[in-house]
Amino acid sequence: MAEIAAEELAAQVGATWRSEWIVVDQAMIDAFADATGDRQFIHVDPQAAAATPFGGTIAHGFLLLSLMPRLAEATDLPRIAGVRMEVNYGGNRTRFLAPVRSGSRIRGRFTLLALEQKHPGQWQRTSEYAVEVDGADSPALIAEWISQYFT
């Protein structure tokens, strides 16, 4: 992963990076259900979920959101040189647009919307994060996410 000066990355506003594909399988969905306590049948009961319009189990929307760091690491998005710490600051909007069936391949699409210096040594990045599903025409999730970097 390339490291560049924050000012160089700021010059790339509007650029998009995509991650490698990963599979969201039932084991991942079940582990997320166990971790969060969200065991709604559409996520964990294949037989009951088969009778819904989804036709089978689907990933939790929050699972897709929580995969953001993993998918970001699987891109060639340049990193800011000299970062000592990175923190999530929050989101401006999040939309769960389409279900992701168990066994689907997904990838992250990251578009740099803004990178600005808030204070000396503190940068704020706003990115659009989208979850693309292999074979689908539109994303399953879109979120505008804010991170802060300390150098």
Exercise. Hey, any hits in the range 70-77 for a residue that's touching a His at 6+ places or on another chain (Cβ under 7 Å), on the phi < 0 side of the Ramachandran plot, in contact (Cβ under 8 Å) with a residue 40 or more places away in the chain and not in a helix (DSSP H, G or I)?
Worked result: no
Problem set entry | Qualifying positions in the range 32-55 - under 20 Å from the mean Cα position of the chain (by Cα) and surrounded by 12 or more Cβ atoms within 10 Å (Cβ to Cβ) | 32, 33, 36, 38, 43
Problem set entry | Of all residues making up the range 134-151, the number that are among the acidic types (Asp, Glu) and touching a residue at least 24 places away in the same chain (Cβ under 8 Å) | 2
Problem set entry | Positions within the range 2-27 being surrounded by fewer than 16 Cβ atoms within 10 Å (Cβ to Cβ) and within 17 Å of residue 68 (Cα to Cα), in sequence order | 16, 20, 21, 23, 25
For this session: Would you point out which residue out of 104, 147, 66 is modelled with pLDDT of 95 or more, out of contact with any Gly (no Cβ under 8 Å at 6 or more places or on another chain), crowded, with 20+ Cβ neighbours inside 10 Å and more than 15 Å from residue 17 (Cα to Cα)?
Result: 104
For this session: Please work out if residue 83 is in a loop (DSSP other than H, G, I, E, B) and touching a residue at least 12 places away in the same chain (Cβ under 8 Å).
Result: yes
Seminar exercise, completed: When the range 72-100 is checked residue by residue, the ones that are more than 20 Å from residue 144 (Cβ to Cβ), among the charged types (D, E, K, R) and touching a Phe, Trp or Tyr at 6+ places or on another chain (Cβ under 7 Å) are 76, 84
For this session: Starting from residues that are assigned to a strand (DSSP E or B) and either on the phi > 0 side of the Ramachandran plot or surrounded by fewer than 17 Cβ atoms within 10 Å (Cβ to Cβ) (or both), keep the ones in the range 112-127 and report whichever is nearest to the chain's Cα centre (by Cα).
Result: 113
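The values are calculated or read from the model by the stated rules, or taken from the named source; none is laboratory data. All figures in this text were calculated on a predicted structure; none of them were measured in a lab. Every residue, glycine among them, receives a Cβ derived from its backbone with ideal geometry; neighbour counts consider all protein chains shown.
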